[in-house]
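The values are calculated or read from the model by the stated rules, or taken from the named source; none is laboratory data. Owing to the predicted nature of the structure, the values given are computational and were not obtained by experimental measurement. Neighbour counts run over all protein chains shown; Cβ positions are idealised from the backbone, glycine included. Surface areas here come from the heavy atoms of the whole protein model, side chains and all, with no ligands, DNA or RNA. Shrake-Rupley method; radii C 1.70, N 1.55, O 1.52, S 1.80 Å.
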Amino acid sequence: INTPQSPELAGHYLTYYYHDIYVREGIAYAAAIYGEGVDILDVSDPSEIQLLANFNYPGSGAHNCWTTEDGNYLIVGDEIGDGPWTRIFDIRDLENIRMVSEYIVDDDATVHNSYVRDNMLYVAHYGEGLRIVDLANPEEPHEIAYYDTYLPNEYGYHGCWSVYPYFES
């Protein structure tokens, strides 16, 4: 994108559908929402993208991924799978990725986008509103605050769609 008016293709990676991708320090975390789990890719050289790892879990519908600030854990929001909630995976060893915890507001309430800032997980949880979770220990996350953004007590894709905690305001 050196010339925004005329961007040039730097590379591509053929795969199944990725619903959302988060890139941090040349590593992409790709949520394959239709049951393929999560791919971790080296994208530091866009002309030579390499798959580093894929992991999955039963009934997956991975929608959004974000890492803890140290990059040791990956938070996966599952929007359409069997269990539409937040899962946290230890990704320090890409040969042995394992789920270490779950954050479940309500078994039937669908989660959407999640982001991490200052060891806090900010979760847009549709009808369950904004949820803020302390990740000081990602293996034992605990909610510290919430704000209900959708007052009707119903499930679905209403309410808090996203919360982006990186603006000064």
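Structure values in brief
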item: Among residues of region 79-111, those that are closer than 18 Å to Gly35 by Cβ and at pLDDT below 95, counted; result: 9
item: Considering residues of region 100-119 that are of a type in the set (A, V, I, L, M) and closer than 14 Å to Asn72 by Cβ only, the residue surrounded by the most Cβ atoms within 10 Å (Cβ to Cβ); result: Val116
item: Residues located in region 42-74, provided they are under 22 Å from Thr110 (Cα atoms) and touching a Pro at 6+ places or on another chain (Cβ under 8 Å); result: Gly61, Thr68, Tyr73
item: Criterion violated by Thr86 - all others in (1) surrounded by fewer than 20 Cβ atoms within 10 Å (Cβ to Cβ); (2) of a type in the set (Ser, Thr, Tyr); (3) under 18 Å from Tyr29 (Cα atoms) satisfied; result: (1)
item: Conditions (1) under 16 Å from Ile104 (Cα atoms); (2) open to solvent by 20 Å² or more (accessible area, probe 1.4 Å); (3) not charged (D, E, K, R): number failed by Gly77; result: (2)
item: Filtered residue count, region 120-141, keeping only those that are open to solvent by 40 Å² or more (accessible area, probe 1.4 Å) and either closer than 12 Å to Val105 by Cβ or not in a strand (DSSP E or B) (or both); result: 4
